[in-house]
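J.: The structure under discussion is supplied below as structure tokens; questions concerning it will follow.
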Amino acid sequence: MADAPATPPVMEQIVALAKRKGFIYPASDIYGGIRGFWDYGPLGVLLKNNIRDHWWNWMVECPPIGPDGEIVDMVGLDSAIIQHPKTWEASGHVAGFNDPMVDDKETKERFRADHLQAIFFLEPSPEMEIGKSYPVSADAPAADSIPHATVIASGPGEAASEIIANKAVRKLLGIKNVLSNMMVGASLGAPDYVTLWVESSRGNRYVYIRNIGQQFLAHGYEKTPSPYTAKAGALTEPRAFNLMLDTYPGPIRDESNKAYLRPETAQGIFLNFKNIVDTTRVKVPFGVAQIGKSFRNEVTPRNFIFRSREFEQMEMEFFCPPDDALKWYEFWKGERMKWWLSLGVEPSRLRFRDHDADELSHYSKATVDIEYRYPFTDPDYGELEGIAHRGSFDLTQHQEHSKQKLDYFDQELQLKLKEQGATPEEIKQRSRYIPNVIEPASGLTRAVLVLLCEAFTLDASRPSGVYLKFKPKFAPVKLGIFPLVAKDGMPEKARALYMELRTQFACEFDVKQSIGKRYARMDEIGTPFCVTIDGDTMSSDIVTIRDRDTQEQIKINISQVGEYVRERLK
Ligand code: GAP
């Protein structure tokens, strides 16, 4: 039996559309690209900036009302990408920002040992249906039975390489037919789910994926088969690999001049804590927000822009009295989820995941991730934002390393303690402290990915076959303006409307091709509204507005078009 025709996995379709329509290109495309780097094209930069502006507005310009009923005190910052190298010693990044890296000695491929995944096979049980996912039952072969599995690659929760997995499944089983490649693609990031039905010469099987990174790190590099050649003994011992990219500012290129491209925007905020307290009117509790580029020399950048080596973060450090830290942690948890929902993300595709104690970063007292069900992790979820209770770790470290006092005198607390009759000793001790920090840290470029995934809607009934269902506020182009035909004064009238509205929001004017083709083009880039100038407009100023999602058309007066769109961008 021949292989079934392969439908590209949904993620591949999204990546192809993103390139075809000018959202995201591989960086240095004409030279064959550079792994882990991406360029945001004319539409991508509009989408990214729309999300960025929404975050900035929500966090800095119009911050929320806090648990005490007051508007949260918040300021912004734009710190340098390169900071004093001591910053990264104090923060723990020089010593501890490492991933365990393994090489295949023969192919020189490199991957993260802790992200290793393996494929396991299972006899199908009668109740299993093709195309559905099932949690792997407890009696399935355990993750430490590595020799009985095919090691596929690295990247839990983010899909190991679909191609490698596909090849591995086919080779191992002498496959006659993989019934749906899409199922392979959709499932691989979801460890511990039975997801793929295969017909093989040895009978029908279900396949599931398990993370075996921990087993590998504990006792496995000699006996684990290479994901690339399937040979045992082909892998090197895991080695710590520091993720910071270095550079040498100034004319002399030696170790004493080594500096780093920041791996997070957060540290720039801690370095400016004292400056901000001394030069502005903020009082603890307050937050400092920053958006900007970060760089990590990721061992395995993958899944489009999900994990790249250059990316943008939106981070906020909220400084509060130690006694109130948990209250603020809970508050920001709720606020941040509200923000993601405000982007129009389907609630069932978002969730909180608390970090286990052994997963917490060295500085953190509690961390929760907001996760999204990406097409490549489905039915599992992948990280989108981390909200961490960092205690007083960062300011304490920078105080020690810089020898500058970074504690805070809390006058209001001093008064409160006096009123409560605390002893002078207690007042002195408690009203001067190093603030605790609650940090919501999210990826702007990851948010772009989420909105692309969320908006991508297949619709076979449309000429485009697909449309991007962005909430109008985030759509790169808000309005398409078309004359029905390129004659009878319609192009001139449409152009006059374009000239008027283009100064207010992003519009496109298009006279070419049939009206159906022009709608299709707007559908593919997610333009929520199109207005057509037709015979009615020429005789009585009535235009037709088409809604991208419902494809319904309504008629309004040409003078109301601007207001109609503006209303829907709120
Ligand atoms: N200051 C804390 C911090 O940086 P993180 O969890 O390492 O925490 C925060 O990063 C967010 O930044 C992540 O939730 C993710 O959205 C984004 N991010 C991290 N590494 C990334 C990468 N290599 N590519 C794209 N986005 C990344």
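J.: Could you tell me which numbered condition Lys473 fails, if it satisfies all but one of (1) touching a His at 6+ places or on another chain (Cβ under 9 Å); (2) within 16 Å of the ligand (Cβ to nearest atom)?
T.: With (1) touching a His at 6+ places or on another chain (Cβ under 9 Å); (2) within 16 Å of the ligand (Cβ to nearest atom) applied to Lys473, the lone miss is (2).
J.: Here's another thing I want to ask about it. List the number of the failed condition for Gly516; all other conditions in (1) open to solvent by 20 Å² or more (accessible area, probe 1.4 Å); (2) over 24 Å from Arg20 (Cα atoms) hold.
T.: (2)
J.: While we're looking at this one, here's another question. Inside segment 228-249, can you point out the residues that are open to solvent by 60 Å² or more (accessible area, probe 1.4 Å) and farther than 30 Å from Ala118 by Cα? Steps first, please.
T.: Let us first name the residues in segment 228-249 that are open to solvent by 60 Å² or more (accessible area, probe 1.4 Å), namely 228, 230-232, 237, 239-240, 246, 249.
If the condition is that a residue be open to solvent by 60 Å² or more (accessible area, probe 1.4 Å) and farther than 30 Å from Ala118 by Cα, then Asp246, Pro249 are the ones that fit.
J.: Residues to consider are Arg521, Arg495; find the one that is without any contact (Cβ under 8 Å) to a residue 24 or more places away in the chain and either part of a helix (DSSP H, G or I) or farther than 30 Å from Leu384 by Cβ (or both).
T.: Residue meeting the stated conditions: Arg495.
J.: Can you tell me how many residues within segment 406-422 are surrounded by 11 or more Cβ atoms within 10 Å (Cβ to Cβ) and assigned to a loop (DSSP other than H, G, I, E, B)?
T.: Residues that pass the stated criteria total 4.
J.: Quick one: count up the residues across segment 252-270 that are polar (S, T, N, Q) and more than 12 Å from the ligand (Cβ to nearest atom). Before you say what the answer is, go through the steps one by one.
T.: Residues of segment 252-270 polar (S, T, N, Q): 256-257, 265, 267.
Now drop any that are not more than 12 Å from the ligand (Cβ to nearest atom), which leaves 256-257.
Counting residues in segment 252-270 that are polar (S, T, N, Q) and more than 12 Å from the ligand (Cβ to nearest atom) gives 2.
J.: Just checking, which of Leu243, Leu217 is at pLDDT below 80 and of a type in the set (A, V, I, L, M, F, W, C)? Step through it out loud before you land on a result.
T.: Working: Leu243 fails: at pLDDT below 80.
Result of the check over Leu243, Leu217: Leu217.
J.: Ok, one more. Keeping to segment 307-335, report how many residues are assigned to a helix (DSSP H, G or I) and either open to solvent by less than 20 Å² (accessible area, probe 1.4 Å) or within 16 Å of the ligand (Cβ to nearest atom) (or both).
T.: Initially, segment 307-335 is screened for residues assigned to a helix (DSSP H, G or I), giving 322-335.
Checking the rest, the ones that are also either open to solvent by less than 20 Å² (accessible area, probe 1.4 Å) or within 16 Å of the ligand (Cβ to nearest atom) (or both) come to 325, 328-329, 332-333, 335.
Residues that pass the stated criteria total 6.
J.: Sticking with this one: Give segment 524-570 a look and list any residue that's among the hydroxyl-bearing types (Ser, Thr, Tyr) and outside any helix (DSSP H, G or I), or say none. Give the steps one after another, and end with the answer.
T.: Start the filter on segment 524-570 by keeping residues that are among the hydroxyl-bearing types (Ser, Thr, Tyr), which leaves 527, 532, 537, 539-540, 544, 550, 559, 564.
Of everything in segment 524-570, those that are among the hydroxyl-bearing types (Ser, Thr, Tyr) and outside any helix (DSSP H, G or I) turn out to be Thr527, Thr532, Thr544, Thr550.
J.: Return yes when Phe273 is within 16 Å of the ligand (Cβ to nearest atom) and at negative phi and no when it is not.
T.: So Phe273 fits the description; yes.
J.: May I pose another question? Conditions first: (1) more than 16 Å from the ligand (Cβ to nearest atom); (2) buried (at least 17 other Cβ atoms within 10 Å of the Cβ). Glu454 passes all but one, so which condition is the exception?
T.: Of (1) more than 16 Å from the ligand (Cβ to nearest atom); (2) buried (at least 17 other Cβ atoms within 10 Å of the Cβ), only one is false for Glu454: (1).
J.: Continuing with the same structure: Among the residues of segment 423-437, what is the count of those that are in a helix (DSSP H, G or I) and closer than 19 Å to Phe318 by Cα? Walk me through how you get there before you give the answer.
T.: At the first step, the residues of segment 423-437 found to be in a helix (DSSP H, G or I) are 424-431.
Filter once more, keeping what is closer than 19 Å to Phe318 by Cα: 431.
Total satisfying the criteria: 1.
J.: So which residues in segment 355-388 are open to solvent by 50 Å² or more (accessible area, probe 1.4 Å) and in contact (Cβ under 8 Å) with a residue 60 or more places away in the chain?
T.: Result: His362, Asp378, Glu383.
J.: So which of Lys293, Lys283 is touching an Asp or Glu at 6+ places or on another chain (Cβ under 8 Å), open to solvent by 10 Å² or more (accessible area, probe 1.4 Å), more than 10 Å from the ligand (Cβ to nearest atom) and over 16 Å from Ile434 (Cβ atoms)? Spell out the reasoning first.
T.: Numbers: Lys283 fails: over 16 Å from Ile434 (Cβ atoms).
Answer to the check: Lys293.
The values are calculated or read from the model by the stated rules, or taken from the named source; none is laboratory data. Please read these numbers as outputs of a predicted model, since none were measured by experiment. We place every Cβ from the backbone using ideal geometry, glycine too, and count neighbours over all the protein chains shown. Surface areas here come from the heavy atoms of the whole protein model, side chains and all, with no ligands, DNA or RNA. Shrake-Rupley method; radii C 1.70, N 1.55, O 1.52, S 1.80 Å.
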